[in-house]
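To start, the structure itself, in structure tokens.
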């Protein structure tokens, strides 16, 4: 067998269990995934909420440009903010563009409730509701920019619940329903 | 017609082609599952971690860097998720000092004659050494690739592989 220069030498105190025998034996001990695992994974992938914005960006931004583009865009945004607002002290500050929105879910037996939506890039773990209060309600107040937002509640980290108080809802294409909020 | 490369499949998956992502799952599920199985010594945990690895990969397709190995990218994600799982469970079990146990994966009835002994020796290894041995000797990754997947330095990788193998040799000699 050709020695692998990158592999550290192993003392051969007992020829019965040489590195070669170990290597050959270990190569035979691989464990294959159980049948049906791929189907289970794909079902979960299709049921998972999409991340449309990031996916869209990833599709059109070549990876090698991405690291340079993000600081460049951040710099451009900073310049735009300075020009749009004027330099500090040059005029009255404009009111914040964000709008405060109160979210509420009645879930007295839940251990945790999260708000997951387009404004979190559909990532859980970003916005947690507080509760439950004495009446079993979970609440959160979030500042959102104007525009259309879609969201769901994630209860106990596994159950997706559409907002029962939402006036507008739409199917998310994966068998669930998103609440729609137009600000 | 030429078989699409992994990078082609990632590109098509980014554009919403679920069949392309299914092909990626079929190509890489065995390696990801094997690493998770060796790190956790639990087929049930390994199946969950494999599923979570591919779910996360699907969400983070935009973060895959062209030119890198898709297989190693998935293995790195799996190793990271497994480490996180260990951290969570360690916190949960801090009060329970006697929970340590050695789990040996069930060897198939027919297979390599050394397999039962090797499975016992692998099970006795420290999980960090077992992960390094698995990736280098069983999955065929070079030492720099193992270092990249486990997010550790090259010298630490060499040490884990070397120690892992030496420990296995010692135990196997004692056994025989």
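The values are calculated or read from the model by the stated rules, or taken from the named source; none is laboratory data. Values in this document were obtained by computation on a predicted structure and should not be read as measured data. When we count neighbours, we look across all protein chains shown, and the Cβ atoms used for this are built from the backbone with ideal geometry, even at glycine.
In segment A:45-68, the qualifying residues are those that are loosely packed, with under 14 Cβ neighbours inside 10 Å and at pLDDT 65 or above, and the one that is nearest to the other protein chains (Cβ to nearest Cβ) is A:47.
Please tell me if residue A:123 is exposed (fewer than 14 other Cβ atoms within 10 Å of the Cβ) and either within 20 Å of residue B:55 (Cβ to Cβ) or touching a strand residue (DSSP E or B) at 6+ places or on another chain (Cβ under 9 Å) (or both). Taking the combined requirement at face value, the residue does not satisfy it. What tally of residues in segment B:1-22 results from selecting those that are in a helix (DSSP H, G or I) and farther than 18 Å from residue B:78 by Cα? Selection size over segment B:1-22: 10.
Residue count for segment B:1-22 satisfying the condition of being without any contact (Cβ under 8 Å) to a residue 60 or more places away in the chain, more than 10 Å from chain A (Cβ to nearest Cβ) and within 20 Å of residue A:37 (Cα to Cα): 2.
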